[in-house]
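Student: Submitted below is the structure of interest, expressed as structure tokens.
The values are calculated or read from the model by the stated rules, or taken from the named source; none is laboratory data. Keep in mind it's a predicted model, so treat the numbers as computed, not measured. All Cβ positions, glycine included, derive from the backbone under ideal geometry; neighbour counts span all protein chains shown.
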Amino acid sequence: MKKNLREILPIFILLFPMICTAIGCSHTSTAAVSSASQDIVYWDVNSNTMPGSQVGGLSGVVAIASGTRLDVDFGLDYGVALKSDGTVWSWDEMVAGSQIDNADAVQISGLSNISSISTGFGNSLALDYSGNVWSWGNNDFGQFGIGITGGGDQPQGITTVPGTTTPNRIPQPVQVTGLDNVKVVSSGLQHCLALKTDGTVWAWGDNEWGQLGDSTTTNRYLPTQVKNLEGIIAISAGDYHSLALKSDGTVWAWGDNESGELGDGTTTDSYVPVQVKGLNHIITIAAGEAQSLALKSDGTVWSWGNNENGQAGNGTQNSTANPGVLTPVQVPNLKNVVAIAEGRMPGGGPYWDGGTVKYGEGYCMVLKSDGTVWDWGEVGYPTETSFKTKPVQVMGLSGVKAIAAGDNYAIAILTNSPIADTTPETPVSSPSN
């Protein structure tokens, strides 16, 4: 396969989507959430560990994101939270293997007056209320947007990883150069997007597959404008492709198209935006590793791109030789959805020792209006029979107000509702409700 980098990025979800702030990326939740009786919980979707690990030291959280750092084999997942006072906090979600660490959150220094957050492959973004963008973490592909590569800290700045010699990391956010009047940000695998108030989209970082949309495959270390886009109200940066939502409810995509993730009916990469076929009345978008999701105003979900592990959610599973669903299909028996997310599974790459995973692994997650969470795709890796080709309710959760899907781990905000139970999740067909 032409990808050999770790699938991370992860995916951050907008709660109760509103067109003007609809999911800045698949990794961000930016809608207002009450801080009363609030719990932040996370769980390992890889091993079906049930929700229940709570993040200490947090209250008043209004947005969440899940990312992965680069300094241990198979990654170390971390969470980022935005508080109502405009401060940003982070914590470790994973220590060795598949264990979960009940870490307390610590504040990211140098950030204040923040309105939204996003995380990617070891890189995080924050947008302040003045329209300025801040970046910290990994800068190997110029994700800082300051004209250089390298020189980045690890992204979470928490405690030394138990059982390892990993040192403390204190991230130092830097302001992205030449960007102002920004209203949405999205951090992908190795590239970043920003949406300005004038409806234009700007991109920087890795551009090997044309994911910056400037008609080239040249990496950009400073923000460059995506060509032929106007009237945009939402953006989402995936691993090697990007999505944008127009005010007329149509979706546009650019970058890698190996599995049909651009949704234009082909598998031809595009270095400039092309329209996703057959979509209208869309209010939220989410770009994943090689797959895409869209939420319609009627609460239905549409999926396209890689389907090797059931990511289409329609009961099918494509072969490696023919992995993609090339145009959007409706995820059946799934209604009343208010937020969507794309997650990834562990893989190999230049930052890990040995072991590669075929391109195309990942999972999808949605939040319904009744506060329940549903997922499908590669959930329960590495057992092949754990693939879910149809949505299944994540048991043990109720009263969920926001979700974020990362690499191995998902995060939820629960308000005025305890964790429901610990009944193991069972991969069965979802009811029609």
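Student: Going by what's in this entry, would residue 326 be described as in contact with a Pro (Cβ under 7 Å, 6 or more places away or on another chain), surrounded by fewer than 24 Cβ atoms within 10 Å (Cβ to Cβ) and either free of Cβ contacts under 8 Å to residues at least 24 places away in the same chain or not charged (D, E, K, R) (or both)?
Tutor: No, not satisfied.
Student: Within segment 114-126, count every residue that is closer than 21 Å to residue 402 by Cα and either within 16 Å of the chain's Cα centre (by Cα) or in a loop (DSSP other than H, G, I, E, B) (or both).
Tutor: The qualifying residues number 8.
Student: Hey, another quick one. Out of (1) at pLDDT 95 or above; (2) assigned to a loop (DSSP other than H, G, I, E, B); (3) closer than 22 Å to residue 237 by Cα, the odd one out for residue 366 is which?
Tutor: Checking residue 366 against (1) at pLDDT 95 or above; (2) assigned to a loop (DSSP other than H, G, I, E, B); (3) closer than 22 Å to residue 237 by Cα, the one that fails is (2).
Student: Please tell me if residue 305 is of a type outside the set (S, T, N, Q), surrounded by 24 or more Cβ atoms within 10 Å (Cβ to Cβ), at pLDDT below 95 and not in a loop (DSSP other than H, G, I, E, B).
Tutor: Spelling it out, it is not the case that residue 305 is of a type outside the set (S, T, N, Q), surrounded by 24 or more Cβ atoms within 10 Å (Cβ to Cβ), at pLDDT below 95 and not in a loop (DSSP other than H, G, I, E, B).
Student: Somewhere in segment 259-268, is a residue crowded, with 24+ Cβ neighbours inside 10 Å and in a strand (DSSP E or B)?
Tutor: No, segment 259-268 contains no residue that is crowded, with 24+ Cβ neighbours inside 10 Å and in a strand (DSSP E or B).
Residues are listed down the side, and each one gets a yes or a no for (1) among the β-branched types (Val, Ile, Thr); (2) in a loop (DSSP other than H, G, I, E, B); (3) out of contact with any Cys (no Cβ under 8 Å at 6 or more places or on another chain):
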site	(1), (2), (3)
203	no, no, no
221	no, no, yes
235	yes, no, no
242	no, no, yes
245	no, no, yes
257	no, yes, yes
277	no, yes, yes
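Student: Go through segment 60-90 and report how many residues are at pLDDT below 85 and either in a loop (DSSP other than H, G, I, E, B) or under 17 Å from residue 173 (Cβ atoms) (or both).
Tutor: Adding up the residues that qualify gives 9.
Student: Just the residues that are of a type in the set (Val, Ile, Thr) and at pLDDT 90 or above, please, taken from segment 310-351.
Tutor: 316, 325, 327, 329, 331, 337, 338, 340
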